[in-house]
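What follows is calculated from the coordinates using simple rules that are stated; it is not laboratory data. Since we're looking at a predicted model, the values are computed, not measured. Virtual Cβ from ideal backbone geometry, glycine too; neighbours counted across all protein chains shown.
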């Protein structure tokens, strides 16, 4: 009797596992929308290894997600790719996690960058949100949010508009633009092989580390801040503000603008450092 019961239990478990696997292996539509409750000042995490992420803040306490999948190729390859591509959601009222999963063990051959399979995400989120974003080989666009923002990006151009809060950014091989923003808390920008434009209406302690690119920092004419610049022989430097200089040599520049305040620290190798007036 015990053997029969055990065998029956194993069969039921096997059938259940098979049903779950079959359900999970069903391809998602190539275009769909979902909505989730998320309180103001909640946490948002998005990981997209191949595609665009667009985020726009609104007044609602919810997130609306639109998913669009792109594939150019044979019908057979398209079906296989869709079957192995998933967008996972983990949600509660204080946190939403979105993870895009793409096939890692299937070789699709070579595509030009503009035709590579990709998944685009368009999100409307509460205006007050703390965002943790990871993107690879897409375009990241963020508009009208307030909070703490952490970005890790590889080969992805980034545009941020009307943002207020603190930033931690690491970008490799992509241009970054922050336009009409308020940097309100200590922030850090680390970049390699890309250009940075940071236009901020306010000044907080800011660290910028850039290799092989231009760093343009644009601040209000009456902004009060300290300047620390570390540069190599291959770095050009320009400051449009009148600065009281306490030290200036080939590799280091220290000084104050309008009496001093938060510190803007820039480390640059092989490029331009420009501090400009808005």
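Let a ≥ b ≥ c be the square roots of the eigenvalues of the Cα gyration tensor of the stretch 36-98; is it rounded (a/c under 1.5), or, if not, prolate (a/b larger than b/c) or oblate? It comes out prolate by the Cα gyration axes. Between 0 and 90 degrees, the angle of helix 2-25 with respect to the longest Cα principal axis of the chain falls at about 50 degrees. By its C-alpha gyration tensor, with a ≥ b ≥ c as the square roots of the eigenvalues, how is the stretch 52-186 shaped: rounded for a/c under 1.5, else prolate for a/b larger than b/c, else oblate? Prolate. According to the square roots a ≥ b ≥ c of the eigenvalues of the Cα gyration tensor, what is the shape class of the stretch 122-278, taking rounded for a/c under 1.5, prolate for a/b larger than b/c otherwise, and oblate for the remainder? Oblate shape, in that a/c is at least 1.5 and b/c is the bigger or equal ratio. Largest first and in whole Å, the equivalent-ellipsoid semi-axes of the chain read 46, 21, 16, each the square root of five times a Cα gyration tensor eigenvalue.
Between residue 132 and residue 244, what FRET efficiency comes out of the Förster formula 1/(1 + (r/R0)^6) with R0 = 45 Å and r the beta carbon distance, rounded to 0.05?
0.70
Working note: 222 nm ellipticity from helices only, DSSP H runs with n ≥ 4, each -39,500 (n - 2.57), summed and divided by the residues of the chain, gives -4000 deg cm²/dmol to the nearest 500. Counted over the chain, the DSSP beta bridges are approximately 25% antiparallel. Spatially, the stretch 239-278 and the stretch 169-233 are offset by 12 Å when compared through their Cα centroids.
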